[in-house]
Amino acid sequence: MSLENLIRVPAAAVAALAAAAALAGSAPAMAANAQDFCGAEATPCTRYGAHVFQARCALCHGSDGLGGGVVPLSVPGYPPTNLLQPKHAHDADELRKLVSGGPGVKGVSSFMPPWADELTLTQIESVVQFLVYLRKDTEAARLMLRAEAAAMKPSTSIGRALYQGRCALCHGTEGRANGRMAAIIKDPPPFNLTLSRAPDIYLREIIAKGGGAMGRSQRMPPWGGDLNQQEIESVILFLKTLREGP
């Protein structure tokens, strides 16, 4: 983003950009061109759009396009990012303008970056094709995104953002079982994660399936439908940083 554009961005949006920059190193690397996906370098296609989306858009729109990306979880007041509930772009032409222009399009939030200077025309057109497909056949498009997410390297920074957005309400920001809901949930109370020594295989199961499925609290929801495997692994990496003692 140019300095001229950045000056016009509100402070909250600057915070969002900073959060995205801090997490960007954990995003999957993007292919140099479309040839591996579409058969020709200058030919856009839906599969390449899913690849670009996972590398550039998922931090805000979520790894399945349904919102809840790690940047909104890190920035208070971030606007909704569920792409199945559009406010501004309802067809391919409008999507193309929005992806390219971001807040330069009337009514679009300043949190949305303009991608015209960073993505090629083939990449933009591929993303547009993918977004149209996401709204037309959501489950098939989400399968594409999951396949692309498999290339994402788990990271503590992404795990921290996911934990603070999904888990801290009960377990507390530092894992000490003192989140806001801890005053209500008493039987049993949230677990003090600083005392946990559970192995990775157990953590994967309880995060994905929820407490009830593992014989623990029914109040702990299953996150397997909201987090992909790499996000779960990232949460596990962060949980280990909360542990105290030997």
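The values are calculated or read from the model by the stated rules, or taken from the named source; none is laboratory data. In this text, all values refer to a predicted model and were calculated from it rather than measured experimentally. Using ideal geometry, Cβ is built from the backbone for each residue, glycine included, and neighbour counts are taken over all protein chains shown.
Numbers below:
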read-out	value
Selection count where residues are touching a helix residue (DSSP H, G or I) at 6+ places or on another chain (Cβ under 6 Å) and assigned to a helix (DSSP H, G or I), scope the stretch 185-199	2
Residue count for the stretch 212-246, restricted to those that are of a type in the set (Gly, Ala, Ser) and part of a loop (DSSP other than H, G, I, E, B)	5
Checklist (1) farther than 30 Å from residue 52 by Cβ; (2) free of Cβ contacts under 8 Å to residues at least 40 places away in the same chain applied to residue 241, failing item	(2)
Qualifying residue in the stretch 140-160 (condition: outside the structural domain of residue 235 (by TED's automatic domain parsing) and at pLDDT 95 or above)	yes
Selection status of residue 242, more than 21 Å from the chain's Cα centre (by Cα) and buried (at least 19 other Cβ atoms within 10 Å of the Cβ)	yes
Hits in the stretch 135-185 (condition: at positive phi and either without any contact (Cβ under 8 Å) to a residue 60 or more places away in the chain or under 20 Å from the mean Cα position of the chain (by Cα) (or both))	172, 177
Single residue of 106, 97 found to be over 23 Å from residue 40 (Cα atoms), among the basic types (Lys, Arg) and surrounded by 16 or more Cβ atoms within 10 Å (Cβ to Cβ)	97
Some residue of the stretch 109-118 being more than 20 Å from the chain's Cα centre (by Cα), within 30 Å of residue 239 (Cβ to Cβ) and of a type outside the set (D, E, K, R)	no
Condition check for residue 204: charged (D, E, K, R), modelled with pLDDT of 90 or more and in a helix (DSSP H, G or I)	yes
Filter result (farther than 19 Å from residue 67 by Cβ and in contact with a helix residue (DSSP H, G or I) (Cβ under 8 Å, 6 or more places away or on another chain)) within the stretch 92-117	92, 96, 100, 105, 114, 116
Unmet criterion (only one of (1) without any contact (Cβ under 8 Å) to a residue 24 or more places away in the chain; (2) within 24 Å of the chain's Cα centre (by Cα)) for residue 204	(1)
